[in-house]
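The values are calculated or read from the model by the stated rules, or taken from the named source; none is laboratory data. As the structure is a computational prediction, the values presented were derived from the model and not from experiment. When we count neighbours, we look across all protein chains shown, and the Cβ atoms used for this are built from the backbone with ideal geometry, even at glycine.
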Amino acid sequence: MSTQRHSSYSCFLSYDQFAKIFDVLHAFDYEVIGPTLEQEAIVYGSIRTVDDLPRGWTDIQEPGRYRLQQREDDALFGYVVGPHSWKQFLFPPVSTLSTADRTDVGWQFSEAKQEFPKVAYLGVRACEIAAMQIQDRVFLEGPYVDHEYQSRRRQALIIAVNCTQAASTCFCTSMNTGPRCQQGFDLALTELPEGFLVEVATPEGEAVINSLESEDVTPEIETAAETARQNAVEQIKKELDTTDIRNLLMSNLEHPHWDEVAERCLSCTNCTMVCPTCFCSSVEEVSDLSGDHVERQRQWDSCFNVSFSYMNGGLVRNSIRNRYRQWLTHKLATWNDQFGTSGCVGCGRCITWCPVGIDLTEEVAILRQSQEQSLLESEQEADHLPG
Amino acid sequence: MNRNRRLIIFQDNAWVPSTAVIRKITPEIEGVKTFLLELADSQVTRAYTFRPGQFNMLYVPGAGEAAISMSGDPDSSRLLAHTIRFAGNVTRRIGSLQVGDSLGLRGPFGTGWPLEECAGRDLILVAGGIGLPPLRPLIYHLLAEREQYGRIYLLYGARSPEMRLYTSEFQAWSEKGLVIKETVDRKTLGWQGNVGVVPLLLDQLEAFDPERAILMICGPEVMMRFTARSAMQRGMTSEQIWVSTERNMQCAVGMCGHCQLGPEFVCKDGPVFRYDQISPYLLVEGL
Amino acid sequence: MSKPTLAVFKFASCDGCQLALLDAEDQLLAVAGAINIVNFPEASSRMESGPYDIALVEGSITTPRDAERIQQIRRDARYLITIGACATAGGIQALRNWGDTAEFMRAVYATPEYIQVLDNSTPIAEHVSVDFELRGCPINQHQLIEVIQSLLAGQVPRTPRHSVCLDCKRRGTVCVTVAQGIACLGPVTQSGCHAICPSYNRGCYGCYGPAAQPNLISLSTHAINAGDSGTQTAHRLRNFNAYATPFREESQRLKNQSEEEA
């Protein structure tokens, strides 16, 4: 995506014209990754034509449960977010960091040779753009730059889609990340019964649109798009009160509620794997049979993995309580110290894809309630002290 | 503490090691040896400098990487000293290497000891066991410009007399103005010195200015906690105390998540922290 | 220097884990370079007596004779590694530990008095000290090679202890429990199989035994709340690793609970 300033404008694409966008993208050498039906879910995968999109399908989500359901219309993007996130393409689950070869003059090390094709990511939601920008801070904006992530990010064309509906697990409005895509895209679409309102934000996005026959946006289209987007806002019922959340969590590190969550938490790593911002990884040695060529592979890992905190023959976080506490406090509190932003975008994946349906917004609410209760009690006690 | 200081990276890519060749191996105590490493690329050698308290990632292909503090003189660093205890898979493999063998090296990483805080003050260095190597570069550095500091102490605790590191250098260090006080957990025949835990040495220390002294500690976490507590009982504040912490490290650049301790990445925000900044997290069990 | 010797021993088992080793033979020879396989019933009838550097033990202890035989193997081996669900957890045959062995014998054999068996099928570690337990039904040959390599190099094997879920996610498999309501032991089962079953739209059967620190009570409570019976939930745990402590205790708890309710 281009970072240069570009005055954005809007246009309208009919469904017929939109169907041609795939040929245009391919002609510009983009591989297209987008939503498609697979494994009883809407996942992100390679898209060749408009027919690969989940036309007429939607998703019903609640804690620990996800089901596909047929829509009454032929919407192409009439779902929310699924089990996959774009992180699997920008920060792949397994990748080679460096290689080592034994030579006459000792070990020689080099960067893993990789090709980074141009990729158009189609159907990126506002919360997902926010997630990419959070991972940018981790991999690009600290004192060190991750080369692989940087190369993949540079090759990305972001075609966003505004949500026109929400799942029961969505809470982007609490995290200020959506549902409307505000920035961070090349093109942003709002799906309407006759086609798409398209916001064109960058020269790369414009080049794609210029290859199609777009129309001017009428006031009626503008109004219909606004209504559709507002529909998503109104459907969001879940809330996470983020007021002073860092201190709420960090001043309750010994709260008994962590034990209560630990009774339910499986420490199975699902929440961290589906989270679009979680970035933890481990490095494995992969050696050929002779041991003369060794690759260092980075794999997604999780703070819920028992061995993640292994040190000097012991484990720092040797209980589910400690691991859940680490995840939640990192995500919602210490992430702010580290990267100047929350680690949560409110996409709700960790709620839907937890096999036992643990809902972080409820856990935080319980901590908050308990804190308020004890404040109240201490005030009452103070009132009863002899003056 | 300058968090965003751009550190030297050998290769443009922080993940790619440079080749280092073992030039000398010195046995120290049972299970501990010092390796002198030379970087194979002379350009890299010229560019390489480190601050006392920083570490390198040493890499044995097939076995993996280990974070090891430099233990040599930071002001003459053509050969990089690493004193290594053979405890885990990687360090045991390093222990099986010979002079002339090569390995991978990435670094230097992390913050160092707070040199800028030390001038004109009494300095108390506290080491427990294998915690002395990360302090040795500091000792060399301080003694090389001895006149800039007040009294300098090394309080050193080891499990037993024969588990003490670098004893052959103690005489020279004393002559240059380092006051060394030692204790062991378990005495053996011939040991005339103290027996007991390290904080006792601090409790017995008389001549220092608690209001201005700087305390720098490296050792097991429990020892660091008790030493800091003793120091605070002596009137020092937690802003005068610095500790070197340890966690699982894999990337050393704040991207893999393993070494988190509360908001800190021990690899890049540490390993040396001022005690008031890290103790709220260090004191929470299992954080 | 003579080559390190490796011997394979079979107890009550299906031989599947030996076959995994047989599949890995090229790798084994190349990796260990100079390994000398002196005893490997599935591959050769040649048998050499101990001592051995590494003894790989497949199968569980089910007869008085086997209970004695394992003692000698332990004495002969520098490292004793148990391989597979039978050797590490008693195997599928440990299901009899909940039944009446004498009754089974009468049902199966014409003259049961000729058969000498123990009441329980038990893991090797209940009889002798074991240096490393490699789980799986069958074992993963790459993990086995890594274990042998590590032990010969004086290192601790790096067999992962995390859940199957982590592997599902790394390979992009959608959770079958959440998306389809299929019961799955993935969250409490140790990785090692590359999460095969969920990738074929089936729940995990727990072939690699309990993951580290598994929260079985939460998983079964959730299954029961979702409509499964306690007995169904218990039976899911009573499979190849039924007698592995966490699975055994949880299935027993569920059974007891069901009986109380009944």
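The sole residue among B:L135, B:L154, B:L97, B:L165 that is within 16 Å of B:P74 (Cα to Cα) and not charged (D, E, K, R) is B:L135.
Please pick out the residue among B:P210, B:P161 that is on the phi < 0 side of the Ramachandran plot and modelled with pLDDT under 95. Even if it seems obvious, please write down each step before you answer.
Numbers: B:P161 fails: modelled with pLDDT under 95.
After ruling out the rest, the residue left standing is B:P210.
For first residues located in segment A:308-329 and more than 9 Å from chain B (Cβ to nearest Cβ), partners that are of a type in the set (V, I, T) and lie 6+ apart or on another chain with Cβ distances below 6 Å form the pairs A:Y324/A:V261. The set of residues in segment B:260-278 that are of a type outside the set (G, A, S) and facing chain A (nearest Cβ under 9 Å) comprises B:Q260, B:L261, B:P263, B:E264, B:F265, B:K268, B:D269. Would you check which residues across segment A:294-332 are among the small types (G, A, S) and either assigned to a strand (DSSP E or B) or buried (at least 22 other Cβ atoms within 10 Å of the Cβ) (or both) and list them? Those that are among the small types (G, A, S) and either assigned to a strand (DSSP E or B) or buried (at least 22 other Cβ atoms within 10 Å of the Cβ) (or both): A:S302, A:S309, A:G314.
Assess whether C:L144 counts as being in a strand (DSSP E or B) and more than 14 Å from C:A244 (Cβ to Cβ).
Details: in a strand (DSSP E or B): no; more than 14 Å from C:A244 (Cβ to Cβ): yes.
So C:L144 fails the test.
For segment C:113-149, the tally of residues that are closer than 21 Å to C:A24 by Cβ and polar (S, T, N, Q) stands at 4. Where strands (runs of 3 or more DSSP E) fall entirely within segment B:100-198, those with at least 3 residues that are in contact with an Asp or Glu (Cβ under 9 Å, 6 or more places away or on another chain) are at B:152-158. Once segment A:46-60 is narrowed to residues that are touching a residue at least 24 places away in the same chain (Cβ under 8 Å) and out of contact with any Gly (no Cβ under 7 Å at 6 or more places or on another chain), the residue that is nearest to C:Q180 (Cα to Cα) is A:I60.
Contact map, segment A:84-107: first residue within 19 Å of C:C165 (Cβ to Cβ), second residue part of a helix (DSSP H, G or I), Cβ cut-off under 6 Å, separation 6 or more or different chains; pairs are A:F91/A:Y149; A:P93/C:R170. Taken across segment A:53-72, residues that are part of a helix (DSSP H, G or I), within 20 Å of the chain's Cα centre (by Cα), within 27 Å of A:F171 (Cβ to Cβ) and more than 13 Å from every other protein chain (Cβ to nearest Cβ) do not occur at all. Looking at segment C:193-216, can you tell me whether even one residue there is assigned to a helix (DSSP H, G or I) and within 8 Å of chain A (Cβ to nearest Cβ)? Scanning segment C:193-216, I find no residue that is assigned to a helix (DSSP H, G or I) and within 8 Å of chain A (Cβ to nearest Cβ), so the answer is no. Scanning segment C:92-102 for residues that are surrounded by fewer than 11 Cβ atoms within 10 Å (Cβ to Cβ) and more than 21 Å from C:N239 (Cα to Cα) yields nothing. Among residues of segment A:257-307 being touching a helix residue (DSSP H, G or I) at 6+ places or on another chain (Cβ under 8 Å) and away from chain C (no Cβ under 12 Å), the one that is farthest from C:P157 (Cα to Cα) is A:H257. When segment A:280-293 is limited to residues that are assigned to a loop (DSSP other than H, G, I, E, B) and touching a Lys or Arg at 6+ places or on another chain (Cβ under 8 Å), the one that is nearest to C:V188 (Cα to Cα) turns out to be A:G291. Total residues in segment B:258-287 satisfying the condition of being surrounded by fewer than 18 Cβ atoms within 10 Å (Cβ to Cβ) and in a loop (DSSP other than H, G, I, E, B): the figure is 4. Applying the condition of being within 14 Å of chain B (Cβ to nearest Cβ) and buried (at least 20 other Cβ atoms within 10 Å of the Cβ) to segment A:340-373 and asking which residue is farthest from A:C278 (Cα to Cα) yields A:S342.
Taking the conditions exactly as written (under 19 Å from A:L189 (Cβ atoms), within 14 Å of chain C (Cβ to nearest Cβ), polar (S, T, N, Q) and in contact with a helix residue (DSSP H, G or I) (Cβ under 9 Å, 6 or more places away or on another chain)), does A:T49 satisfy them or not?
Details: under 19 Å from A:L189 (Cβ atoms): yes; within 14 Å of chain C (Cβ to nearest Cβ): no; polar (S, T, N, Q): yes; in contact with a helix residue (DSSP H, G or I) (Cβ under 9 Å, 6 or more places away or on another chain): yes.
Considered against the rule, which asks whether it is under 19 Å from A:L189 (Cβ atoms), within 14 Å of chain C (Cβ to nearest Cβ), polar (S, T, N, Q) and in contact with a helix residue (DSSP H, G or I) (Cβ under 9 Å, 6 or more places away or on another chain), A:T49 comes out as no.
With respect to A:D146, is the statement that it is buried (at least 22 other Cβ atoms within 10 Å of the Cβ), out of contact with any strand residue (DSSP E or B) (no Cβ under 8 Å at 6 or more places or on another chain) and outside the structural domain of A:C354 (by TED's automatic domain parsing) true? Judged against the criteria, A:D146 is a match.
Can you name the residue in segment A:162-176 that is in a loop (DSSP other than H, G, I, E, B) and of a type in the set (V, I, T) and, of all such residues, is farthest from A:A131 (Cα to Cα)?
Kept after step one, since they are in a loop (DSSP other than H, G, I, E, B), are these residues of segment A:162-176: A:162-171, A:176.
From the residues that got through so far, the ones that are of a type in the set (V, I, T) too are A:164, A:169.
Numbers: A:T164: 19, A:T169: 17 Å.
The qualifying residue farthest from A:A131 (Cα to Cα) is A:T164.
Identification of strands (runs of 3 or more DSSP E) wholly contained in segment C:1-111 with 2 or more residues that are under 16 Å from C:L134 (Cβ atoms), under 14 Å from the mean Cα position of the chain (by Cα) and at pLDDT 95 or above yields C:52-58, C:77-83. Tell me which residues, restricted to segment B:67-78, are aliphatic (A, V, I, L, M) and either in contact with a Gly (Cβ under 7 Å, 6 or more places away or on another chain) or part of a loop (DSSP other than H, G, I, E, B) (or both). If the condition is that a residue be aliphatic (A, V, I, L, M) and either in contact with a Gly (Cβ under 7 Å, 6 or more places away or on another chain) or part of a loop (DSSP other than H, G, I, E, B) (or both), then B:M70 is the only one that fits. The lone criterion from (1) in a strand (DSSP E or B); (2) in contact (Cβ under 8 Å) with a residue 24 or more places away in the chain; (3) in contact with a Leu (Cβ under 8 Å, 6 or more places away or on another chain) left unmet by A:T36 is number (2). Checked against (1) more than 14 Å from chain B (Cβ to nearest Cβ); (2) modelled with pLDDT under 95, A:Q114 passes all but a single condition, namely (1).
There is no residue in segment B:48-60 that is more than 8 Å from chain A (Cβ to nearest Cβ), surrounded by fewer than 17 Cβ atoms within 10 Å (Cβ to Cβ) and at positive phi.
Yes/no matrix, rows are residues, columns are (1) touching a Ser or Thr at 6+ places or on another chain (Cβ under 9 Å); (2) assigned to a helix (DSSP H, G or I); (3) of a type in the set (V, I, T):
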| residue | (1), (2), (3) |
| --- | --- |
| A:A131 | yes, yes, no |
| A:G178 | no, no, no |
| A:G184 | no, no, no |
| A:T190 | yes, no, yes |
| A:E199 | yes, no, no |
| A:T223 | no, yes, yes |
| A:A228 | yes, yes, no |
| A:K238 | yes, no, no |
| A:D241 | yes, no, no |
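Do we have A:T352 as in contact (Cβ under 8 Å) with a residue 40 or more places away in the chain, under 24 Å from A:A131 (Cβ atoms) and touching an Asp or Glu at 6+ places or on another chain (Cβ under 9 Å) here? Answer is yes for this residue.
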